[in-house]
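A short write-up of the structure that comes next.
The values are calculated or read from the model by the stated rules, or taken from the named source; none is laboratory data. Just so it is clear, the model here is predicted, and its values are computed rather than measured. Neighbour counts run over all protein chains shown; Cβ positions are idealised from the backbone, glycine included.
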Amino acid sequence: MKKIALISGITGQDGAYLAEFLLKKNYIVHGIKRRSSSVNNYRIDDIYEKFYENSKNPSFYLHYGDVTDSLNISELVNKIGPDEIYNLAAQSHVKVSFETPEYTANADGLGVLRFLESIRRYKKKKIKFYQASTSEMFGGSKPPQSETTVFAPKSPYGAAKLYGHWITKIYRESYNIFACSGILFNHESPLRGETFVTKKVVRAAVKYSLDKKEILQIGNLNATRDWGHAKDYVKNMWMMLQKKNADDYVIATNTSYSVKKFIELTYKYLGFNIKWTGKGLNEKGIDLKSGKIIVKVNSKYFRPNEVDNLRGNSNKAKNSLKWKPKINFKHLVKEMIKYELELQTKKNR
């Protein structure tokens, strides 16, 4: 019998990579997507076409749903009867969480509870559950951050995710549910959403390389992050659910880079070297070849409460799961640039 997986947030970066990974493992995959007037399926269009539309024995299915709707989540769990549930759905933009704190708490915190309650009430078989926690839960704690580091979130997003993380642990211990949390540090890919800093930097740099007009507007240049590749991280999600006992793991590369370093490397791969002038809100990046300003700091992109330094310690995953990231930082940047160059070139034709 094929295993059945249910993935919330199927249309996102992680959902798309995880669906592809599980289908290659011969799973039947069900994905939950929110109903909206605009179509946002581009990350999974190829998967849907291959494993549903053009398949004699479909193994990929999509369902409308929302983690803020208890009845909907319960009905989907009962209808599908999955062996594994991967909760990747969230309002995942940190700055936006300050503007929509109640919705963020509902989706990122209570959404987890809704899945756990549905699993607790499901009696036909034992369902394994994966919760996508986040390094933002560490907030102001000093790096490197591991499973034993004190949580100190600095945003509604981090706080909501921390509730989801703790309620997963509580249900595991209280009801003997196989429930794991992966504390994911920043993970990127060509499929990253356009509002996230890495995608924003790459897109601006590629556009500048094509017409020499684009100026990158950026927030905190000095924030440092532990950046990995989403493909590596979704594999770890699956590995957690294959263990005999459920546990929580940090997923990270154990290395961090500043936003400024990410910008410098991205432009360098496209043939541009940056000279920095000014300080604080007046800091600018200048293209040494043309003398043009290509990077400007803009206060509107600063968070109300900044998280300065995130760097993970994933030794537990390395030792227990035999996992380590295969795609390094430089390769990640090059892959994102290649994808964006192809995309922008097509648009300009």
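Collect the residues in the range 172-185 that are surrounded by fewer than 22 Cβ atoms within 10 Å (Cβ to Cβ) and of a type in the set (S, T, N, Q), keeping them in residue-number order. Matches in the range 172-185: Ser174, Asn176. Note on the range 186-223: among residues that are within 29 Å of Pro144 (Cβ to Cβ) and either without any contact (Cβ under 8 Å) to a residue 24 or more places away in the chain or among the hydroxyl-bearing types (Ser, Thr, Tyr) (or both), the one that is surrounded by the fewest Cβ atoms within 10 Å (Cβ to Cβ) is Thr195.
When Arg34 is tested against (1) at pLDDT below 95; (2) among the basic types (Lys, Arg); (3) under 25 Å from His229 (Cβ atoms), just one condition goes unmet, and that condition is (3). Scanning the range 310-327 for residues that are farther than 17 Å from Val234 by Cβ, touching a residue at least 24 places away in the same chain (Cβ under 8 Å) and loosely packed, with under 15 Cβ neighbours inside 10 Å yields one hit, Ser320. When the range 1-41 is limited to residues that are charged (D, E, K, R) and within 19 Å of the chain's Cα centre (by Cα), the one that is surrounded by the most Cβ atoms within 10 Å (Cβ to Cβ) turns out to be Asp14. Going through (1) at pLDDT 95 or above; (2) touching a Leu at 6+ places or on another chain (Cβ under 9 Å); (3) closer than 21 Å to Ala5 by Cα one by one, Glu75 falls short only on (2).
One line per residue, one yes/no per condition, for (1) over 25 Å from Pro156 (Cα atoms); (2) at pLDDT 95 or above:
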| site | (1), (2) |
| --- | --- |
| Ala252 | no, yes |
| Val259 | no, yes |
| Phe262 | yes, yes |
| Val297 | no, yes |
| Asn313 | no, yes |
| Lys326 | yes, yes |
| Phe329 | yes, yes |
| Lys346 | yes, no |
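Among residues of the range 243-264 that are surrounded by fewer than 18 Cβ atoms within 10 Å (Cβ to Cβ), those with a beta-carbon under 6 Å from a residue that is assigned to a loop (DSSP other than H, G, I, E, B) at least six positions away or on a different chain give the pairs Ser258/Asn222.
List the strands (runs of 3 or more DSSP E) that sit entirely inside the range 56-157 and contain at least 2 residues that are touching a His at 6+ places or on another chain (Cβ under 8 Å).
Numbers: elements: 60-64, 84-87, 128-134.
Filter on the range 56-157 gives 60-64, 128-134.
Do the conditions hold for Lys289, that is, is it without any contact (Cβ under 8 Å) to a residue 24 or more places away in the chain and either in a helix (DSSP H, G or I) or among the charged types (D, E, K, R) (or both)? Considered against the rule, which asks whether it is without any contact (Cβ under 8 Å) to a residue 24 or more places away in the chain and either in a helix (DSSP H, G or I) or among the charged types (D, E, K, R) (or both), Lys289 comes out as yes.
For beta carbons closer than 8 Å, sequence separation of 6+ or different chains, a first residue in the range 15-32 that is under 18 Å from Gln91 (Cα atoms) and a second that is assigned to a helix (DSSP H, G or I), the qualifying pairs are Ala16/Ile47; Gly31/Gly15; Gly31/Ala19; Ile32/Leu76.
Quick check on my filter: what residues within the range 268-286 are in contact (Cβ under 8 Å) with a residue 40 or more places away in the chain and touching a strand residue (DSSP E or B) at 6+ places or on another chain (Cβ under 8 Å)? Across the range 268-286, the qualifying residues are Phe272, Glu283, Gly285. Can you find a residue in the range 336-345 that is over 27 Å from Val234 (Cβ atoms) and either exposed (fewer than 15 other Cβ atoms within 10 Å of the Cβ) or not assigned by TED's automatic domain parsing to the domain that holds Gly278 (or both)? Yes, because at least one residue in the range 336-345 is over 27 Å from Val234 (Cβ atoms) and either exposed (fewer than 15 other Cβ atoms within 10 Å of the Cβ) or not assigned by TED's automatic domain parsing to the domain that holds Gly278 (or both).
Only one of Ile167, Ile177 is in contact (Cβ under 8 Å) with a residue 40 or more places away in the chain, of a type in the set (A, V, I, L, M), out of contact with any strand residue (DSSP E or B) (no Cβ under 8 Å at 6 or more places or on another chain) and outside the structural domain of Gly278 (by TED's automatic domain parsing); which?
Values: Ile177 fails: out of contact with any strand residue (DSSP E or B) (no Cβ under 8 Å at 6 or more places or on another chain).
One residue alone meets the criteria, Ile167.
Based on this model, can you work out whether Ile293 counts as surrounded by 18 or more Cβ atoms within 10 Å (Cβ to Cβ) and of a type outside the set (Lys, Arg)? Walk me through it before giving the result.
On the way: surrounded by 18 or more Cβ atoms within 10 Å (Cβ to Cβ): no; of a type outside the set (Lys, Arg): yes.
So Ile293 fails the test.
In the set (1) over 14 Å from Ile183 (Cβ atoms); (2) touching a residue at least 40 places away in the same chain (Cβ under 8 Å), the condition left unmet by Glu342 is number (2).
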